[in-house]
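The values are calculated or read from the model by the stated rules, or taken from the named source; none is laboratory data. Remember, predicted model here, so these are calculated numbers, not experimental data. Note: ideal-geometry Cβ built from the backbone for every residue, glycine included; neighbour counts use all protein chains shown.
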């Protein structure tokens, strides 16, 4: 290493040449292909739709009942599944659904096929629906579940 100054100058010149070549290559590619990232007039952004729930007094009362009693096992209304509840009510009728909510054990003891199948579907869980609801409370709960 006779002259470290010459070595440093050569390194700087070499680095500058490489940098100039890379910048030239970058400019060439940009001119050839263009920058299309910002050319779109319409953005892909779609705002999230805000779902507003019903706010009838029956709905609110049903929500209170669900939160107080059903929330222990079901946590959220969606864990039951809104479509599942709607189909169930359509299949068995509102009167049977009310009976199921208030007297599930009696239905199972009387060998009701639907109550037994549903209990088996949930691995014969120890909990059951034997709530002491009034007719208005049942209607409010069903309004909320729908």
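Within the stretch 104-136, the set of residues being farther than 20 Å from residue 84 by Cα, out of contact with any helix residue (DSSP H, G or I) (no Cβ under 6 Å at 6 or more places or on another chain) and part of a helix (DSSP H, G or I) comprises 105, 106, 109, 135, 136.
Within the stretch 108-146, being at pLDDT 85 or above, farther than 24 Å from residue 68 by Cα and surrounded by 10 or more Cβ atoms within 10 Å (Cβ to Cβ) holds for 109, 110, 112.
Taken residue by residue, the stretch 54-73 has no member that is over 28 Å from the mean Cα position of the chain (by Cα), modelled with pLDDT under 80 and assigned to a helix (DSSP H, G or I).
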